[in-house]
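The structure appears right after this line, and notes come after that.
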Amino acid sequence: MTRRQILLALMPPLFFGTGFTIAKPAVQHFPPLFMMLMVYAGIAIALGLTYREKFKTPILSIIAISAFSVTIQGALLFWGLRSEAMPATAANLILQIQIPFAVLLDWLIMKAKLDARKLIGTAIAVLGVAIVIGLPEQAPGLVPTIMIIVSAFCWSLGQVLAQFLGRDGGLGQLKANAFGALPQLALATLLIEQGQWQSLTSASAAQWAMLAFVGIVGFYLAYVCWFSLLRQVRMDEAAPFILLMPVVGFVTAYVVLGEAISLIQVA
């Protein structure tokens with residue numbers, strides 16, 4: 001990787017880490033799928049007005065990529081994060097199981113080489129997640145933990161499919177995801193969730209600010225950088241940088257949400 005690519009690779013964990021942590025209080029007010037619908041509607045409008053290039057990725061590929069990387073992943077992730085039994089700090093760590101998933105799926109789908117170094121790194125990441133889940137003093141809830149782990153698998157699959165099936169650049173891939181996910185999210189929130197209108201009318205200025213931050217930083221900026229990176233380097237080169245996300249998430253959770261951080265979590 002070049003220095004410019006490394007600098008680009010440092011941006012997604014910064015944006016994902018802050019956006020995901022701030023999403024904790026936001027998603028406790030707005031229904032998760034409805035919140036994602038608003039976020040991706042904003043992205044679709046912004047890119048529809050500013051990025052006029054036609055999609056190069058086939059429509060069926062767009063639907064498949066957006067289903068895994070947006071709709072299914074987002075529903076499981078934010079419903080898990082919404083639980084009182086899932087602190088943002090623990091969720092940041094558990095979510096890192098997506099990196100081993102991405103490396104293994106990259107090996108299965110993209111036929112990337114899986115050497116001893118990658119296997120050792122994967123094993124360490126899985127061990128770290130296992131330690132967090134098994135913390136005796138503040139173990140996260142089982143159901144939200146399972147939801148976040150499955151969401152991590154769906155996200156990893158979506159990213160590998162984006163690299164395998166996608167034909168657009170960073171902005172193009174994000175725009176394709178937004179347009180592909182909108183009907184899925186709209187149908188899902190109508191069928192599964194309640195209280196959408198009430199969440200809009202009762203939201204405070206702080207909650208609207210959090211939603212805007214999650215949408216702009218945690219989704220728009222994060223995915224523009226991420227998809228741009230995936231067009232330039234292999235998944236096994238890009239994915240490990242996401243492991244910096246807990247560092248950013250921990251600091252954000254401590255400063256903004258006032259969450260405590262234990263020594264074993266730091267380890």
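Below is a table of values for the structure above.
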quantity	calculated
Candidate set from region 234-253 (those that are open to solvent by 10 Å² or more (accessible area, probe 1.4 Å) and over 15 Å from the mean Cα position of the chain (by Cα)); member that is farthest from Ile124 (Cα to Cα)	Thr252
Selection count, region 23-40, where residues are touching a residue at least 60 places away in the same chain (Cβ under 8 Å) and either part of a loop (DSSP other than H, G, I, E, B) or open to solvent by less than 20 Å² (accessible area, probe 1.4 Å) (or both)	12
For Asp236: the one exception among (1) free of Cβ contacts under 8 Å to residues at least 60 places away in the same chain; (2) within 18 Å of Pro100 (Cα to Cα); (3) not hydrophobic (A, V, I, L, M, F, W, C)	(1)
Any hit, region 89-99, residues being surrounded by fewer than 21 Cβ atoms within 10 Å (Cβ to Cβ), out of contact with any Lys or Arg (no Cβ under 7 Å at 6 or more places or on another chain) and among the small types (Gly, Ala, Ser)	no
Identity of the residue in region 41-58, more than 30 Å from Leu257 (Cβ to Cβ), part of a helix (DSSP H, G or I) and in contact (Cβ under 8 Å) with a residue 12 or more places away in the chain, that ends up most open to solvent (accessible area, probe 1.4 Å)	Gly48
Search result, residues across region 1-22 that are in a helix (DSSP H, G or I) and over 27 Å from Ala206 (Cβ atoms)	Arg3, Arg4, Gln5, Ile6, Leu7, Leu8, Ala9, Leu10
Qualifying residue in region 62-76 (condition: of a type in the set (A, V, I, L, M, F, W, C), closer than 22 Å to Ala181 by Cα and touching an Asp or Glu at 6+ places or on another chain (Cβ under 8 Å))	no
Qualifying positions in region 194-220 - assigned to a helix (DSSP H, G or I), in contact with a Pro (Cβ under 9 Å, 6 or more places away or on another chain) and open to solvent by 50 Å² or more (accessible area, probe 1.4 Å)	Ala206, Met210
Cross-chain or 6+ apart pairs with Cβ under 7 Å, region 108-124 first and open to solvent by 90 Å² or more (accessible area, probe 1.4 Å), then not small (Gly, Ala, Ser)	none
From the options Ala152, Ala112, Ala123, residue that is part of a loop (DSSP other than H, G, I, E, B) and either among the aliphatic types (A, V, I, L, M) or under 23 Å from Leu263 (Cα atoms) (or both)	Ala112
Options Trp226, Trp208: the member that is of a type in the set (A, V, I, L, M, F, W, C) and over 18 Å from the mean Cα position of the chain (by Cα)	Trp208
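The values are calculated or read from the model by the stated rules, or taken from the named source; none is laboratory data. Treat the numbers as computed from the prediction; the structure is a model and nothing was measured. A quick note on method: Cβ atoms are made from the backbone with ideal geometry, for glycine too, and the neighbour counts reach across all protein chains shown. Protein only, heavy atoms only, side chains kept; ligands, DNA and RNA dropped before computing areas. Shrake-Rupley method; radii C 1.70, N 1.55, O 1.52, S 1.80 Å.
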